[in-house]
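To keep things clear, I will list the structure first and then write my remarks on it.
The values are calculated or read from the model by the stated rules, or taken from the named source; none is laboratory data. Model, not experiment: these values are computed from the prediction. Don't worry about glycine lacking a Cβ; one is built from the backbone with ideal geometry, like all the others, and counts go over all protein chains shown.
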Amino acid sequence: MIEVSGGTEKQRELVKSIAEYSAVKLMGSRLASAVDIEIELRHDMGTTLGNATWQDNNHRPRDFTIEVNASKNIRLRRMLETIAHEMVHVKQFAKGEIKDLISRPPNIRKWMGKEFNTDTISYWDCPWEIEAYGRECGLFIRWAVENNLANEEWTHDV
């Protein structure tokens, strides 16, 4: 189940639509229906575009919160691409592709069986971020096309 709070009614409607679309494309219908995602559209995130966190302690969590910057200086397309980006992270955690090993210092994150020290690796070199950035635009464009929104001016506004 996906619930959206904050923002305008139009933002909530579009955010829920792209989140549901991304969930099925990334995880398949079965896993997508097994995760619960609360999406918060916020105006107090500064320059941060978004983040995804899990709320349960499962090694393949099913309960997530996504926070997305919905301030006036964030364009609608960028906000929706951020939702797609964060949904990639939800998929990564839900499928067990990525795991935070928080019980062991330093900050170790396991990606596809390989350990990475998040204190020493550049954000831009993290393979989970490379995947999320690589998929966000494609998910947005496919969603816009399939929802007959691709001709809307705001969908071209990068």
Among the residues of the range 33-46, are any hydrophobic (A, V, I, L, M, F, W, C), under 23 Å from residue 119 (Cα atoms) and in contact with a Pro (Cβ under 7 Å, 6 or more places away or on another chain)?
no
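From 76, 41, grab the single residue that is touching a strand residue (DSSP E or B) at 6+ places or on another chain (Cβ under 7 Å) and either touching a residue at least 12 places away in the same chain (Cβ under 8 Å) or surrounded by 15 or more Cβ atoms within 10 Å (Cβ to Cβ) (or both).
Selected residue: 41, the only one of 76, 41 that is touching a strand residue (DSSP E or B) at 6+ places or on another chain (Cβ under 7 Å) and either touching a residue at least 12 places away in the same chain (Cβ under 8 Å) or surrounded by 15 or more Cβ atoms within 10 Å (Cβ to Cβ) (or both).
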Go through (1) among the acidic types (Asp, Glu); (2) in a loop (DSSP other than H, G, I, E, B); (3) within 13 Å of the chain's Cα centre (by Cα) for residue 20 and report which single condition fails.
(2)
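So that you can scan it fast, the table gives a plain yes or no per residue for (1) assigned to a loop (DSSP other than H, G, I, E, B); (2) under 12 Å from the mean Cα position of the chain (by Cα); (3) of a type in the set (Val, Ile, Thr):
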site: 5; (1), (2), (3): no, no, no
site: 31; (1), (2), (3): no, no, no
site: 45; (1), (2), (3): yes, no, no
site: 51; (1), (2), (3): no, yes, no
site: 80; (1), (2), (3): no, yes, no
site: 93; (1), (2), (3): no, yes, no
Which residues, counting only those in the range 119-146, are assigned to a helix (DSSP H, G or I), over 18 Å from residue 53 (Cα atoms), charged (D, E, K, R) and free of Cβ contacts under 8 Å to residues at least 60 places away in the same chain?
125
Being touching a His at 6+ places or on another chain (Cβ under 9 Å) and within 19 Å of residue 129 (Cβ to Cβ) is true for just one of 83, 66. Which residue is that?
66
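Which residues, counting only those in the range 22-42, are of a type outside the set (Gly, Ala, Ser) and under 19 Å from residue 65 (Cβ atoms)? Spell out how you get there, then give the answer.
Applying the first criterion (of a type outside the set (Gly, Ala, Ser)) to the range 22-42 yields 24-27, 30-31, 35-42.
Selection gives 26, 27, 31, 35, 36, 37, 38, 39, 40, 41, 42.
Evaluate the following for residue 94: is it touching a residue at least 24 places away in the same chain (Cβ under 8 Å) and small (Gly, Ala, Ser)?
Working: touching a residue at least 24 places away in the same chain (Cβ under 8 Å): yes; small (Gly, Ala, Ser): yes.
Yes.
Checking the condition of a type outside the set (Val, Ile, Thr) and farther than 25 Å from residue 124 by Cβ, which residue from 67, 38 passes? Spell out how you get there, then give the answer.
Details: 67 fails: farther than 25 Å from residue 124 by Cβ.
Of 67, 38, the one residue that is of a type outside the set (Val, Ile, Thr) and farther than 25 Å from residue 124 by Cβ is 38.
Which of the residues belonging to the range 123-158 are of a type in the set (Ser, Thr, Tyr) and at pLDDT 95 or above?
Scanning the range 123-158 gives a single hit, 133.
From the list 153, 86, 97, which residue is charged (D, E, K, R), farther than 23 Å from residue 45 by Cα and buried (at least 17 other Cβ atoms within 10 Å of the Cβ)? Walk me through it before giving the result.
Values: 153 fails: buried (at least 17 other Cβ atoms within 10 Å of the Cβ); 86 fails: farther than 23 Å from residue 45 by Cα.
Answer to the check: 97.
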Positions within the range 39-76 being closer than 16 Å to residue 9 by Cα and in contact with an Asp or Glu (Cβ under 6 Å, 6 or more places away or on another chain), in sequence order
40, 42, 75
For the range 1-38, name all the residues that are surrounded by fewer than 17 Cβ atoms within 10 Å (Cβ to Cβ) and of a type in the set (Lys, Arg).
10, 16, 30
